[in-house]
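Novice: Structure in structure tokens, see below.
The values are calculated or read from the model by the stated rules, or taken from the named source; none is laboratory data. The structure presented is a predicted model; accordingly, all values stated were derived computationally and were not measured. Methodologically, a virtual Cβ is constructed for each residue, glycine included, from the backbone with ideal geometry; neighbour enumeration extends over all protein chains shown. In case anyone asks, the SASA skips ligands and DNA or RNA and just uses the protein heavy atoms, side chains included. Shrake-Rupley method; radii C 1.70, N 1.55, O 1.52, S 1.80 Å.
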Amino acid sequence: MLAELHTRTRRLAAAALVSVCTAGALAVAPQSMAAPQQARTAAPSAAQAASAAAAAPGSGARIAEVALAELANPHGCTYYSGNGSCPPWCAVFAKWVWSTAGVADLNHLDPWADSFLNYGSDRLFSTPQVGDAAVYDNPGRDSDHVNIVVAVSADGSKIKTVGGNESGRVESYNNGQFFDWRRQGPAGPASKFVRARGADTTPPQPFGAGVREVMGDWDGDGVDTPGIYRGNHFALRNSNNAGFSDIDFAYGNGGDWIPIAGDWDGDGKDEVGVYMPDSGTFALRSTTNPAQEITTSFRYGNGADWLPLVGDWDGDGKDEVGVYMPDSGTFALRSTTNPAQEITTSFRYGNPNWVPTAGDWDGDGKDEVGAYVPQSSTFVLRSNTNPAQENTTSFMYGNPYSFPLAGDWNHDGKDEVGVFFKESAVFALRSNTVPGQEITNAFPYGNPR
């Protein structure tokens, strides 16, 4: 199920000048753009990648997440070739991603981009699917290129990709934004999409059990940072980079309980809580001090498939809770966490079965709601919680298999968004909610499930 919906999220951006694999030499694609500043930290270990691959070998979602995790990885061509050689390495990288993701059949693939066209005539497609290798093999051009499709728009006309040997490193073409693959690409338009054997089944949408990420300002420094809820154990980190947890304690029963976080008492620090779907009960812990615990609990909503969210709806400096009803796309926001009091504001927003989130998008001290549309990797952020008013900002970020986050990553008083890739345990935090602008900090934290 979803983790805290007081969450905040962002996507993996990447870069620009694209070095293209050829049948002989490297070439530079004519289309280029300036690379944004981006924090690049160590990617998950090989052991983590192997563990991820074991759970769903060869699936499109797994292939995409392995590729996306490498955006935070400074490795070069010799790492992916595994033998110290350094040919034009886009195909070397694409083959490594498939192999790491658990694709067993790699017959006919060699260090050259056009070898993917020899993978098998039954594996060549004219339309993309997540996990495909996009091949840029156009008549009259000496250079070929291949990269990995990590997201596909709802109508199939646009894709996001991650490739090796783009600007001499692993990059996401077009700064990580969707692009029309029929018109452009790192080496011209894509000509074919090659599907790995075993990647035919469309992965489930990201609404199921097992999500365990949570974001909050645990130390009161004004910056939200990640946490992991595994079993009944919280592991919270006080910085947005790879490393170990700073705070650890057990709370709740685990299972299908959903972790949340919010500043329940207005002291400037977020505390954790859990939501119990079977009974529709919230349990809010008073502190993240492992030696102390006072819990406020109350029922709100009908439970079942309703999803929790957290926000300061009235601007009083304290967070309240809410629920989202997926079948109708309805938000219901509670005015207080006092069990004896309840005033609710409710309204419909978006379409049913979108993934809810909440944050202070404009810095006015009040949290508003938003939603993530997994099919198109789109965030839609509402400007207020007044049922009679609605202004929406929307932009694409993440991929169909990522989970939305929200929080203030840069201490500017406004919440930004991000995404969590649970298969690779990578958090990707976007610097703003302005469409067309994006700087991403991506880092691994916690182990793959």
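Novice: Among the strands (runs of 3 or more DSSP E) lying completely within segment 277-329, list those that include at least 3 residues that are open to solvent by 40 Å² or more (accessible area, probe 1.4 Å). Walk me through how you get there before you give the answer.
Specialist: On the way: elements: 281-285, 295-299, 307-311, 320-325.
Those strands (runs of 3 or more DSSP E) span 295-299.
Novice: Would you please list the contacts, defined by Cβ atoms under 6 Å and residues six or more apart or on different chains, that run from a residue in segment 388-408 that is without any contact (Cβ under 8 Å) to a residue 60 or more places away in the chain to a residue that is part of a loop (DSSP other than H, G, I, E, B) and surrounded by fewer than 19 Cβ atoms within 10 Å (Cβ to Cβ)?
Specialist: N391/S383; F395/P435
Novice: Follow-up question, since we're still on this one. With respect to E320, is the statement that it is in contact with a Leu (Cβ under 8 Å, 6 or more places away or on another chain) and over 30 Å from E70 (Cβ atoms) true?
Specialist: yes
Novice: Can you confirm whether G413 is among the small types (G, A, S) and at pLDDT below 85? Break it down stepwise before answering.
Specialist: On the way: among the small types (G, A, S): yes; at pLDDT below 85: no.
No; evaluated as a whole, the condition is false for this residue.
Novice: What's the total number of residues in segment 432-449 that are crowded, with 22+ Cβ neighbours inside 10 Å, modelled with pLDDT under 85 and of a type in the set (S, T, N, Q)?
Specialist: 2
Novice: Return yes when F347 is open to solvent by 10 Å² or more (accessible area, probe 1.4 Å) and part of a strand (DSSP E or B) and no when it is not.
Specialist: yes
So that you can scan it fast, the table gives a plain yes or no per residue for (1) under 22 Å from the mean Cα position of the chain (by Cα); (2) at pLDDT 90 or above; (3) open to solvent by 40 Å² or more (accessible area, probe 1.4 Å):
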| site | (1), (2), (3) |
| --- | --- |
| T201 | yes, no, yes |
| F207 | yes, no, yes |
| V211 | yes, no, no |
| V214 | yes, yes, no |
| D219 | no, yes, yes |
| D224 | yes, yes, no |
| I247 | no, yes, no |
| P259 | yes, yes, no |
| K269 | no, yes, yes |
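Novice: Scan segment 148-186 residue by residue and report those that are acidic (D, E) and in contact with a helix residue (DSSP H, G or I) (Cβ under 9 Å, 6 or more places away or on another chain). Explain how you work it out, then say what you get.
Specialist: Going through segment 148-186, the residues acidic (D, E) turn out to be 155, 166, 171, 180.
Listed by number, the residues that qualify are E166, E171.
Novice: Please determine, by comparing only the residues of segment 226-245 that are in a loop (DSSP other than H, G, I, E, B) and crowded, with 21+ Cβ neighbours inside 10 Å, which one is farthest from the chain's Cα centre (by Cα).
Specialist: From segment 226-245, those in a loop (DSSP other than H, G, I, E, B) are 231-232, 237-245; that's our starting set.
Right, trim to crowded, with 21+ Cβ neighbours inside 10 Å and you get 237, 240.
Values: R237: 18, N240: 15 Å.
Step by step, filter segment 226-245, then rank; the result is R237.
Novice: Considering each residue of segment 175-188, count those that are farther than 20 Å from C77 by Cα and either touching a Leu at 6+ places or on another chain (Cβ under 9 Å) or open to solvent by less than 30 Å² (accessible area, probe 1.4 Å) (or both), and give that number.
Specialist: Looking only at segment 175-188, we keep the residues that are farther than 20 Å from C77 by Cα, and these are 175-185, 188.
The next check asks that each one be either touching a Leu at 6+ places or on another chain (Cβ under 9 Å) or open to solvent by less than 30 Å² (accessible area, probe 1.4 Å) (or both); those that pass are 176, 178-179, 181, 185, 188.
Residues flagged as farther than 20 Å from C77 by Cα and either touching a Leu at 6+ places or on another chain (Cβ under 9 Å) or open to solvent by less than 30 Å² (accessible area, probe 1.4 Å) (or both) within segment 175-188 amount to 6.
Novice: While we're on this one: In segment 81-109, which residues are of a type in the set (D, E, K, R) and within 22 Å of G185 (Cα to Cα)?
Specialist: Kept after step one, since they are of a type in the set (D, E, K, R), are these residues of segment 81-109: 95, 105.
The answer is K95, and nothing else.
Novice: Only one residue in E320, E293 is out of contact with any Phe, Trp or Tyr (no Cβ under 7 Å at 6 or more places or on another chain) and of a type outside the set (V, I, T). Which one? Write out each step before concluding.
Specialist: Details: E320 fails: out of contact with any Phe, Trp or Tyr (no Cβ under 7 Å at 6 or more places or on another chain).
Within the list E320, E293, the selection yields E293.
Novice: Mind checking whether some residue in segment 355-366 is in a loop (DSSP other than H, G, I, E, B), modelled with pLDDT of 80 or more and in contact with a strand residue (DSSP E or B) (Cβ under 6 Å, 6 or more places away or on another chain)?
Specialist: Step one: of segment 355-366, the residues in a loop (DSSP other than H, G, I, E, B) are 360-366.
Filter once more, keeping what is modelled with pLDDT of 80 or more: 360-366.
Narrowing the set further to residues that are in contact with a strand residue (DSSP E or B) (Cβ under 6 Å, 6 or more places away or on another chain) leaves 361.
Scanning segment 355-366 turns up at least one residue that is in a loop (DSSP other than H, G, I, E, B), modelled with pLDDT of 80 or more and in contact with a strand residue (DSSP E or B) (Cβ under 6 Å, 6 or more places away or on another chain).
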